[in-house]
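The values are calculated or read from the model by the stated rules, or taken from the named source; none is laboratory data. All values reported here derive from a predicted model rather than from experimental measurement. Don't worry about glycine lacking a Cβ; one is built from the backbone with ideal geometry, like all the others, and counts go over all protein chains shown. Just so you know, the surface numbers come from the protein's heavy atoms only, side chains and all, with ligands and any DNA or RNA stripped out. Shrake-Rupley method; radii C 1.70, N 1.55, O 1.52, S 1.80 Å.
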There are 2 protein chains.
Amino acid sequence: MKKLLVLVMVFALTLSFVGMAAAQGDSPLQGSMEDEYVMVTFVSGIEYWKPAYRGMEEAAANLGVSTRYTGATDYDINQQVTVLEQVISQQPAGILLTAINPDALVGPINRAMEAGIPVVTFDADSPNSNRYSFLATSNYEAGVKAANYLADLNDEEGNLGLITIPGQLNHEERARGFQETIANDYPNMEVVSVQDGQSDQAASARAMGSMIQANPDLVGVFTTEASTGVGAATAVEEANMVDNIDIVSFDTDPGTLDFVESGVIDATLAQGTWNMGYWGQMFLFHLKEGLLNPIENGNWQEAGINPLPDYVDTGVNLVTQDNVEFYMGE
Amino acid sequence: MKKLLVLVMVFALTLSFVGMAAAQGDSPLQGSMEDEYVMVTFVSGIEYWKPAYRGMEEAAANLGVSTRYTGATDYDINQQVTVLEQVISQQPAGILLTAINPDALVGPINRAMEAGIPVVTFDADSPNSNRYSFLATSNYEAGVKAANYLADLNDEEGNLGLITIPGQLNHEERARGFQETIANDYPNMEVVSVQDGQSDQAASARAMGSMIQANPDLVGVFTTEASTGVGAATAVEEANMVDNIDIVSFDTDPGTLDFVESGVIDATLAQGTWNMGYWGQMFLFHLKEGLLNPIENGNWQEAGINPLPDYVDTGVNLVTQDNVEFYMGE
């Protein structure tokens, strides 16, 4: 009888585990921890990628799958090609990739896709490859947001400056969104000076200094990059113009956030990097598990169509003195 | 002893159910069937919304939540306001809304958001409301795709026509994407004629007829709307120019698909409506369940930021003779 009891107990436990497994299996949104999704970046050690990978990890935790982070440690095209090819050879469940350059990775990306490994890009695209989707900040829209915010702060009136990096596509888009919005939507505002910040703090401080001298009535400036913003903030502080000139900058590195906290930089635009990682992982999981069904007759593979959204603009959020604490010490 | 056995069996079954429940509860991506998410449209009976609602239903099935479809039956602003306010009063888990007009629904949308009911828009936006995100076709990018396809078909050479609806924003964007791409990327191609199709089949056929007479060397035409494409196809067929003039049209209604099948329309652009519904439901679920965590310190509500991507371009797919069968009889 004791034996029977033990047998029944074992049966009970088995039933319980089967129940658990069945329930897990019931949800198409639960994967296997054996499926590993890989994020591949370049200059892989910088802080900038951390929220993106955190987003990927959180999506993977919700989905019950694994992730791994890797990348080229340097800003080196060949290095990223090598790292990507190594990742492909390990046949991961999917690859979330930011491309060092629009064309360098087309070959490996297409080979991965042909081998059945889905690739989605984030932050920097490889538009001529066969990748399924791209998640990033719309730099043009970020420039629009900067323009609207500076207009709001100044009752839609006054002269503005712009310090950017000419010749670099993402910065040109930010500048264009800013300039077109001021020109089209604010008849009493004008961008009177556009300077090259050279992505350098000291150069940007000098540019800002001479901009103030030439335009003493300046009410605001948009800096399209973080060290540019810090340089401009230093110059505005030195010129004792903090109350006169509003600065809107980009990204949330510690130097920028300190100037937001002290009120010298009025706002900085935080990119939606967490969302790039989170929804990038969601997209890859849906591809891997065959959950996308955009057409009713047959499947998208046979029809030769892209089953995913082409592009996700993850947006920017304004970080001001009111909410800077939530971004500090990340 | 028999009693003990029965007791152990009951214990076993209980354990099994507890196991199942625990496993279900383990996944943050499983909701409750009591949570109902509602899609609200206008002219709610048309075929166009069906793939969007199917996408929403499929996401809801994966997530274990309920959905309901409703909308204004007519193209009537007040009617949609009334329907939306009724939906809000029932306190659903979330609302996926297409807005009849950019400004008419700002009030009710913002009231829903204040009441804690998340709102996401699709297909047609309410950009001045507080809605979290917008999922739709980028009409500009669709125009770019049409231009590239006509260029590919004609070895990047020859004169093109465009039949559109001037003054309607989505059509102007499609036209602009098309014209700018031809002007900037194809030096041996030119858009030599732009006509108003008046969203009418007969008017479009007449416009196409006179376009052919004035430009007998035409190699292709882009029609930005479905009845325009059908009208143009009729005229091209009548003029015996099917082999000379390639047509790229928009959407996948039965008349257009018939002309794609017979080869008169070379390609039509299918919108990603299923993806609007699928990812719109995913976004609403994540808002309702508190699964979004874009900042590390505190939560996004306190920080006053938008936790979701601003905009999703659901993209367009080319439907040609090769894959038209997958779109027919939907």
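Scan segment A:107-122 and give yes if some residue there is within 14 Å of chain B (Cβ to nearest Cβ), more than 21 Å from the chain's Cα centre (by Cα), surrounded by fewer than 22 Cβ atoms within 10 Å (Cβ to Cβ) and at pLDDT 95 or above, otherwise no. No: zero hits. Residues in segment A:303-321 that are more than 7 Å from chain B (Cβ to nearest Cβ) and of a type outside the set (A, V, I, L, M, F, W, C): A:PRO307, A:THR320, A:GLN321. Quick test for you: out of A:SER193, A:SER227, A:SER249, A:SER199, pick the one residue that is open to solvent by 50 Å² or more (accessible area, probe 1.4 Å) and among the hydroxyl-bearing types (Ser, Thr, Tyr). Result of the check over A:SER193, A:SER227, A:SER249, A:SER199: A:SER199. Of the residues B:ALA52, B:ALA60, the single one that is more than 25 Å from B:ASP253 (Cβ to Cβ), within 20 Å of the chain's Cα centre (by Cα) and in a helix (DSSP H, G or I) is B:ALA60.
When A:SER262 is tested against (1) more than 29 Å from A:LEU97 (Cβ to Cβ); (2) open to solvent by less than 40 Å² (accessible area, probe 1.4 Å), exactly one condition is not met: (2). Count of segment B:20-42 residues, restricted to those that are buried (at least 17 other Cβ atoms within 10 Å of the Cβ), at pLDDT 95 or above and not in a strand (DSSP E or B), is 4. Annotation note: of A:ASN275, A:ASN306, the sole residue that is surrounded by fewer than 24 Cβ atoms within 10 Å (Cβ to Cβ) and in contact with a helix residue (DSSP H, G or I) (Cβ under 9 Å, 6 or more places away or on another chain) is A:ASN306.
Among the residues making up segment A:150-177, those that are surrounded by 17 or more Cβ atoms within 10 Å (Cβ to Cβ), in a helix (DSSP H, G or I) and over 21 Å from the mean Cα position of the chain (by Cα) are A:LEU150, A:ALA151.
Among all residues of segment A:81-95, there is none that is open to solvent by 30 Å² or more (accessible area, probe 1.4 Å), modelled with pLDDT under 95 and over 19 Å from A:PHE283 (Cβ atoms).
Every test in (1) open to solvent by 60 Å² or more (accessible area, probe 1.4 Å); (2) out of contact with any Asp or Glu (no Cβ under 8 Å at 6 or more places or on another chain); (3) part of a helix (DSSP H, G or I) is passed by A:GLU141 save one, and that test is (2).
Right, A:ILE182: open to solvent by less than 30 Å² (accessible area, probe 1.4 Å), among the β-branched types (Val, Ile, Thr) and free of Cβ contacts under 8 Å to residues at least 40 places away in the same chain or not? When the stated conditions are applied, A:ILE182 passes them. Answer with yes or no whether A:GLY71 is closer than 16 Å to A:GLY280 by Cβ, surrounded by 22 or more Cβ atoms within 10 Å (Cβ to Cβ), within 18 Å of the chain's Cα centre (by Cα) and not hydroxyl-bearing (Ser, Thr, Tyr). It is true that A:GLY71 is closer than 16 Å to A:GLY280 by Cβ, surrounded by 22 or more Cβ atoms within 10 Å (Cβ to Cβ), within 18 Å of the chain's Cα centre (by Cα) and not hydroxyl-bearing (Ser, Thr, Tyr). Counting residues in segment B:282-296 that are without any contact (Cβ under 8 Å) to a residue 40 or more places away in the chain, buried (at least 24 other Cβ atoms within 10 Å of the Cβ) and β-branched (Val, Ile, Thr) gives zero. Counting only helices (runs of 4 or more DSSP H) that fall entirely inside segment A:214-330 and contain at least 3 residues that are over 19 Å from the mean Cα position of the chain (by Cα) and of a type in the set (A, V, I, L, M), the qualifying elements are A:226-238.
Rundown of residues vs (1) modelled with pLDDT under 95; (2) touching a His at 6+ places or on another chain (Cβ under 7 Å); (3) in the same structural domain as A:ASN240 (by the TED database), yes/no style:
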residue	(1), (2), (3)
A:GLU157	no, no, yes
A:THR164	no, yes, yes
A:ASN170	yes, no, yes
A:THR181	no, no, yes
A:VAL192	no, no, yes
A:ALA203	no, no, yes
A:ILE212	no, no, yes
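Being touching a residue at least 60 places away in the same chain (Cβ under 8 Å), of a type in the set (D, E, K, R) and within 16 Å of B:ASP322 (Cα to Cα) is a property that B:ASP258 lacks.
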